1. Which residues' amide hydrogens lie under 5 Å from the amide hydrogen of Leu46, considering only partners 5 or more residues apart or on another chain, with H built in the peptide plane?
2. If the only charges are +1 at each Lys and Arg Cβ and -1 at each Asp and Glu Cβ, what is the size of the charge dipole of the chain around the Cα centre, to the nearest 20 debye?
3. Quick check: the angle from helix 33-43's long axis to the longest principal axis of the chain, C-alpha only, nearest 10 degrees?
4. Could you give the nm distance between label points at Gln57 and Glu9, where each point is 7 Å from its Cα heading toward the beta carbon?
5. What angle, in degrees between 0 and 90 and rounded to the nearest 10, separates the Cα long axis of helix 9-28 from the longest principal axis of the Cα atoms of the chain?
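Each reported figure results from applying straightforward, stated rules to the coordinates on display, with no laboratory input. Predicted, not measured: the structure shown is a model, and the values here were computed from it. Methodologically, a virtual Cβ is constructed for each residue, glycine included, from the backbone with ideal geometry; neighbour enumeration extends over all protein chains shown.
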Amino acid sequence: MGGTIIETESEKLVRQGRAQMIIELGQEDGLEDAVIIERLQKKAGLSLEKAKLYLDQFRKQFV
């Protein structure tokens, strides 16, 4: 009865918004990338790879 967990589009958008906010606030506070990635993993429940991907994606918007 196990299977793949399917993520809805709304869940994806909520997670992206949360990640974007964590990145934006971290950059405003002058945090290093490693600290922001750690927060993305803990607070948004992202894998290390996904956290790095979001940081690269959203960092360009706030610098």
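1. Counting only residues 5 or more places away or on other chains, the set is Gln41.
2. The dipole magnitude comes to about 120 debye.
3. 40 degrees
4. Between Gln57 and Glu9, the simple spin-label model gives 1.5 nm.
5. 20 degrees
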